[in-house]
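Notes follow once the structure below has been shown.
The values are calculated or read from the model by the stated rules, or taken from the named source; none is laboratory data. On a predicted model such as this, the values are computed, not experimentally measured, just so you know. Ideal geometry is used to build each Cβ from the backbone, glycine not excepted, and the neighbour counts take in all protein chains shown.
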């Protein structure tokens with residue numbers, strides 16, 4: 001069984017995060033909590049690569065459509081595209097492909113205890129309007145589903161972060177070759193994961 005401290009997740013800082021010079025601030029949030037970067041690169045992704053990324057998980061289309069519809073229902077509104085999650089997801093996917101390929105992105109593999117859930121907690125909700133203050137999206141973005149739908153574009157939320165351990169495994173394999181991921185030890189790992197702190201006193 002994989003120890004939680006060895007869990008990995010994929011994070012992609014989207015073009016708006018790069019353009020707004022937030023890469024360092026975003027990385028700082030992850031490192032400050034004790035997570036470590038084991039792979040990182042900047043690239044410009046093409047549409048086929050992005051389409052494959054977002055449809056690697058067969059449940060992704062339905063889930064993303066349901067999430068968008070629910071956001072409207074929670075505000076007492078009807079979704080402007082459709083009541084069908086798959087129809088909504090098709091439109092969202094088209095906009096996402098345009099959004100992610102609009103400029104350079106920074107892709108990272110992040111490792112550490114409960115990396116998937118911790119990163120998602122730090123990043124915040126998909127819709128920045130619904131993200132709590134203190135999260136990356138809550139602190140640095142003021143977009144909403146309603147505004148992005150009115151402008152016929154993807155919601156701008158700075159980051160993609162894997163939604164589950166299984167999803168992370170698939171996505172990491174899509175974005176990185178095995179030899180691009182570096183195994184190394186942080187000096188702080190003894191403090192974070194050691195059974196006790198006896199050694200700190202020498």
**Request:** Could you tell me whether residue 101 is within 23 Å of residue 11 (Cβ to Cβ) and at pLDDT below 80?
**Result:** no
**Prompt:** Filtering the stretch 97-127 down to residues that are more than 13 Å from the chain's Cα centre (by Cα) and part of a helix (DSSP H, G or I), which residue is farthest from residue 186 (Cα to Cα)?
**Reply:** 98
**Fill in**
Flagged in the stretch 45-85 as more than 23 Å from residue 169 (Cα to Cα) and not in a helix (DSSP H, G or I), in numbering order, are 75, 76, 77, 78, 79, 80, 81, 82, 83, 84
**Request:** Among the residues of the stretch 7-31, count how many are in a helix (DSSP H, G or I) and touching a helix residue (DSSP H, G or I) at 6+ places or on another chain (Cβ under 9 Å).
**Result:** 8
**Leading residue by the ranking (modelled with the lowest pLDDT) among those in the stretch 171-202 that are assigned to a loop (DSSP other than H, G, I, E, B) and surrounded by 10 or more Cβ atoms within 10 Å (Cβ to Cβ)** = 194
**Asked** Looking at (1) under 23 Å from residue 53 (Cα atoms); (2) surrounded by fewer than 16 Cβ atoms within 10 Å (Cβ to Cβ); (3) touching a helix residue (DSSP H, G or I) at 6+ places or on another chain (Cβ under 7 Å); (4) modelled with pLDDT of 90 or more, can you tell me which one residue 133 breaks?
**Response** (1)
**Prompt:** Hey, among the residues in the stretch 138-149 that are in contact (Cβ under 8 Å) with a residue 40 or more places away in the chain and over 15 Å from the mean Cα position of the chain (by Cα), which one's surrounded by the most Cβ atoms within 10 Å (Cβ to Cβ)?
**Reply:** 145
**Request:** Inspect the stretch 157-170 for any residue being closer than 18 Å to residue 32 by Cβ, assigned to a helix (DSSP H, G or I) and either in contact with a strand residue (DSSP E or B) (Cβ under 6 Å, 6 or more places away or on another chain) or free of Cβ contacts under 8 Å to residues at least 12 places away in the same chain (or both) and give the result as yes or no.
**Result:** no
**Asked** Can you find a residue in the stretch 129-138 that is assigned to a loop (DSSP other than H, G, I, E, B) and within 15 Å of residue 16 (Cβ to Cβ)?
**Response** yes
**Prompt:** Within the stretch 136-161, how many residues turn out to be farther than 15 Å from residue 96 by Cβ, touching a helix residue (DSSP H, G or I) at 6+ places or on another chain (Cβ under 6 Å) and modelled with pLDDT of 95 or more?
**Reply:** 3
